[in-house]
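Input: a single structure, listed below in structure tokens.
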Amino acid sequence: MEDFSLPLGSFSLGFDSSTQSLKATVLDASLNIVAQEIVNFDSELLHYKTKDGVYRDPSVNGRIVSPTIMWVEALDLILERLQKSGLDFGKIVAVSGSGQQHGSVYWKTGSSRVLFSLDPKKQLADQLGDAFSVKESPIWMDSSTTEQCRAIEKAVGGAMELSSLTGSRAYERFTGPQIRRIFETQPEAYKSTERISLVSSFMASLLIGSYAAIDHTDGAGMNLMDIKERTWSKKILEVTAPSLEEKLGKLAPAYDVAGKIAPYFVERYHFDKNCLVIQWSGDNPNSLAGLTLNSPGDLAISLGTSDTVFAITNEHQACLEGHVFPNPVDTKGYMVMLCYKNGSLIREEIRNNCGDKSWDVFNEYLQRTPPLNGGKLGFYYKDHEIIPPLPVGFHRYVLENFKGDTLDGVKETEVTEFDAASEVRALVEGQFLSMRAHAERFGLPSPPKRIIATGGASANHSILKEVASVFGCNVYKIQSSDSASMGAALRAAHGWLCSKKGSFVPISSMYSGKLEKTSLNCQLAVAAGAHDLVSKYGLLMKKRVEIENRLVQKLGRL
Ligand code: XUL
């Protein structure tokens, strides 16, 4: 039988360049974690003065960016930490990574030369400070491009047409509308840009010392790629910005080799010169790989800075809500996903305001309050939300006479506040009711066969209990809550194998039959909630959707 694993004694390295930090996971040939590191932007790269890894621009509504060079500096720092921890870089045969999706980097004309001749005696950040035509990268939290979204949709024949072509209607955070806005508001900077990278292909470019391709999966988060053909859609490029194709470079499958590791890393950190850099991809797609999601009945819920819900599917159907991306570890299938902007940052805000800044108090409130919260429903948007598209604001309602058996005679009254414990429950129940409602509407498995939870908040058992109650199925977890860097390390190994075989090999062949012996093993975290509670939550969800639709009509933008 063929051996589908890395050579004994070798490692693969996966990064996760996310909103608030850069993380790294090293796997051995048996797919067990041998090292993990993290660099937190706010608290460790203080001179950038970011809050939650970003700048919220007070002068432009919805503009949220991050300093590009901060991501560069974080790369040297995390590698230094791994080196200090005693990691033998010479054993790493492949590297890959996850980037926060949609964020974009603008390389100034002439920068490819700088990238090609990096001096290993100096830090990357000291050499690349002048490499960008736009110094602050727009990121996925940005919502300043509504005008550009509508213009692009109109130019290609409507939102549904764009979704059918690219996998999503136009979204403010998607890279195409962002590029168009840069072209419109900073034409000189656009003109002096020789290459536009995603965060994923940007980090891969640093590692190979030249511009890396954009992978098909993360490329689908741009509103620019023909998702069936997996090529740039000329029609959309034309209506987005001039000379765009040459600035975007090529597309490549996620399992392709981006290049060999650059001499900078060989000399400075003693990587093997034959170490392969496999295409980086988006953080959610790589989480899908790290969670070994391969059954269409499974649902993954990632609870991080953003909350996301995703699953795999065999077909691509146009939709006005949610996204379709090519499956990063399959040549034909797709992944479908919903994304919420108000994830961990609003959980932290409510914890600070109502729970004495303590997760213990927050969890105790969850345990103390009854399921269904006595009919108290809340909508909490600290940032402009994606689903539903509602502006910053909090809305609270009490459903009178709601017992969970009928909606007849149930009326809601808007109130201005809840007691602290009910506020905590309203937030958490609200987040999962919204996920269940939109997942059902989007055609995701309902009820799912099982849910695999990941992301920082998946470490919180009280929160996972609410997931199990609202969805009515078992909730599983893997060993590390950072499935994005785990998935990246796994994809690095997978890309290495595909390259060695000279053709695509199914990723499952790397772990089938031995999953439980690896760090990828999913273990039961919480058993499904009581059946009658699931249907009661179904009614509460229905009411929530009614209120939500009214809020969208009154305040939202579509
Ligand atoms: C996905 C999205 C977020 C970012 C977070 O569409 O916008 O989940 O990927 O890093």
> What number of residues in the range 91-138 are under 20 Å from TYR55 (Cβ atoms) and part of a helix (DSSP H, G or I)?
Replying inline: 2
> In the range 95-116, what residues are touching a residue at least 24 places away in the same chain (Cβ under 8 Å) and more than 14 Å from the ligand (Cβ to nearest atom)?
Replying inline: VAL95, SER96, VAL105, TYR106, TRP107, LYS108, THR109, GLY110, SER111, SER112, LEU115, PHE116
> Here are some residues: ASP142, ASP126, ASP130, ASP119. Which one is open to solvent by 40 Å² or more (accessible area, probe 1.4 Å) and touching a residue at least 40 places away in the same chain (Cβ under 8 Å)?
Replying inline: ASP119
>> For the range 322-345, which positions are part of a strand (DSSP E or B), open to solvent by less than 10 Å² (accessible area, probe 1.4 Å) and away from the ligand (no atom under 12 Å from the Cβ)?
In response: PRO326
>> Quick check on my filter: what residues within the range 270-321 are of a type in the set (Gly, Ala, Ser) and open to solvent by 10 Å² or more (accessible area, probe 1.4 Å)?
In response: SER295, GLY297, SER302, GLY304, SER306, ALA318
>> Can you tell me which condition ALA24 does not meet? The list is (1) under 23 Å from the mean Cα position of the chain (by Cα); (2) over 30 Å from GLU516 (Cα atoms); (3) not in a loop (DSSP other than H, G, I, E, B), and all the others hold.
In response: (2)
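Could you identify the single residue in GLU73, GLU37 that is over 30 Å from GLY513 (Cβ atoms), part of a strand (DSSP E or B) and open to solvent by 40 Å² or more (accessible area, probe 1.4 Å)?
Step by step, each of GLU73, GLU37 is checked, and only GLU37 is over 30 Å from GLY513 (Cβ atoms), part of a strand (DSSP E or B) and open to solvent by 40 Å² or more (accessible area, probe 1.4 Å).
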> If you check every pair at least six apart or on different chains, which have Cβ atoms under 8 Å apart with a residue in the range 22-42 that is without any contact (Cβ under 8 Å) to a residue 24 or more places away in the chain and of a type in the set (S, T, N, Q) first and a residue that is in a strand (DSSP E or B) and buried (at least 18 other Cβ atoms within 10 Å of the Cβ) second?
Replying inline: ASN40/SER21
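Residues are listed down the side, and each one gets a yes or a no for (1) closer than 24 Å to THR305 by Cβ; (2) crowded, with 21+ Cβ neighbours inside 10 Å:
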site: CYS354; (1), (2): yes, no
site: LYS357; (1), (2): yes, no
site: ARG368; (1), (2): no, no
site: LEU399; (1), (2): no, yes
site: LEU407; (1), (2): no, no
site: SER434; (1), (2): yes, yes
site: ALA439; (1), (2): yes, yes
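When the residues of the range 373-392 are filtered to those that are open to solvent by 20 Å² or more (accessible area, probe 1.4 Å) and not charged (D, E, K, R), which remaining residue is nearest to ASN549 (Cα to Cα)?
Going through the qualifying residues, I end up with PRO389.
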> Identify, please: which residue in the range 479-504 is assigned to a helix (DSSP H, G or I) and within 14 Å of ILE38 (Cα to Cα) and is, among those, nearest to the chain's Cα centre (by Cα)?
Replying inline: ALA484
> For ILE547, which of the numbered conditions (1) within 21 Å of ALA300 (Cα to Cα); (2) out of contact with any Cys (no Cβ under 9 Å at 6 or more places or on another chain) fails to hold?
Replying inline: (1)
>> When you check ARG173 against the structure, is it in the same structural domain as ILE214 (by TED's automatic domain parsing) and part of a helix (DSSP H, G or I), yes or no?
In response: no
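Of everything in the range 441-457 that's closer than 13 Å to VAL470 by Cα and surrounded by fewer than 23 Cβ atoms within 10 Å (Cβ to Cβ), which residue is modelled with the lowest pLDDT?
Ranking the qualifying residues of the range 441-457, first place goes to SER446.
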> Taking only pairs six or more apart or across chains, which ones have beta-carbon atoms under 6 Å, a first residue in the range 329-344 that is modelled with pLDDT of 95 or more, and a second residue that is open to solvent by 10 Å² or more (accessible area, probe 1.4 Å) and among the basic types (Lys, Arg)?
Replying inline: ASN342/LYS382
> Can you tell me which of TYR55, TYR106 is modelled with pLDDT of 95 or more, closer than 30 Å to ARG169 by Cα and surrounded by fewer than 18 Cβ atoms within 10 Å (Cβ to Cβ)?
Replying inline: TYR55
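The values are calculated or read from the model by the stated rules, or taken from the named source; none is laboratory data. All figures in this text were calculated on a predicted structure; none of them were measured in a lab. Glycine also receives a Cβ, built like all others from the backbone with ideal geometry; neighbour counts cover every protein chain displayed. SASA here: full protein model, heavy atoms, side chains in, ligands and nucleic acids out. Shrake-Rupley method; radii C 1.70, N 1.55, O 1.52, S 1.80 Å.
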